[in-house]
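The values are calculated or read from the model by the stated rules, or taken from the named source; none is laboratory data. All figures in this text were calculated on a predicted structure; none of them were measured in a lab. Virtual Cβ from ideal backbone geometry, glycine too; neighbours counted across all protein chains shown.
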Amino acid sequence: MSCKECEERRRLAREALLRSAIGEAAVHVVKGAAELVGIKKKTAAADRKKAVAKRKSGAAGKKAGPTKTAQE
């Protein structure tokens, strides 16, 4: 049996993979490993709230800044 934070981190990584967000899934896996060995404080519940808010705003998968074209 795992703790609630570990279960939440696992769920976040799985959902990211199902959405084909490989980079986001990798971040959750790495954070989970760091939390498991004690390098990082457990924050999966807070990360869940941020991810849900980001998806609701429509910002998921979009670049933050302007992109340069080959002509510039």
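For the reader, a short list of remarks on this structure follows.
- Cross-chain or 6+ apart pairs with Cβ under 6 Å, the stretch 17-34 first and in a helix (DSSP H, G or I), then basic (Lys, Arg): 28/9; 32/9; 34/40
- Taking each residue of the stretch 43-72 that is over 21 Å from residue 30 (Cβ atoms) and among the hydroxyl-bearing types (Ser, Thr, Tyr) and looking for partners that are modelled with pLDDT under 65 and loosely packed, with under 12 Cβ neighbours inside 10 Å with beta-carbon atoms closer than 9 Å, six or more apart or interchain, yields nothing.
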